[in-house]
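The values are calculated or read from the model by the stated rules, or taken from the named source; none is laboratory data. Since the structure is predicted, the reported quantities are computational estimates derived from the model, not experimental observations. Cβ placement follows ideal geometry from the backbone for every residue including glycine, while neighbour counts extend to all protein chains displayed. Just so you know, the surface numbers come from the protein's heavy atoms only, side chains and all, with ligands and any DNA or RNA stripped out. Shrake-Rupley method; radii C 1.70, N 1.55, O 1.52, S 1.80 Å.
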Amino acid sequence: MPFVNIKTPEGALTRSQKEEIVHRMTDMLVGYMSEAARPHTMVLIEEVKDGGYGRADEIFTIPDAYRAPAAS
């Protein structure tokens, strides 16, 4: 079973963007492995809370410019 795990800051992606990532990653893996892989492909998008990880020796907090727009 192909498995993709993507970690992203919480609030960085909209639901629509997550759906697009799932579809595109699945299509990419099917392109490599054949259509038989589609029903067995899993794409997991994990959202990490602000302050939940570090970058360059500092705790990371997502800048507002990178946050997904609020749902209407």
Just to confirm the number: angle between the C-alpha axis of helix 15-33 and the first principal axis of the chain, 0 to 90 degrees, nearest 10? 40 degrees
Would you look at the GNM of the chain, springs on alpha carbons closer than 10 Å, and say which of Arg55, Arg38, Arg24 moves the most? Arg55
At a 1.4 Å probe radius, carbon and sulfur cover how many percent of the accessible area of the chain? 55 percent
Could you give me the ³J(HN,Hα) list for the stretch 43-56, computed from phi with Karplus coefficients 6.51, -1.76, 1.60 and θ = phi - 60°, whole Hz, x at Gly and Pro? 10, 10, 10, 9, 9, 9, 4, 3, x, x, 7, x, 9, 6
Among (1) 0.94; (2) 1.08; (3) 1.04, which is the computed Rg/Rh (Cα atoms, Kirkwood Rh)? (2)
Just how large is the dipole of the chain about the Cα centre, in debye to the nearest 20, putting +1 at every Lys and Arg Cβ and -1 at every Asp and Glu Cβ? 140 debye
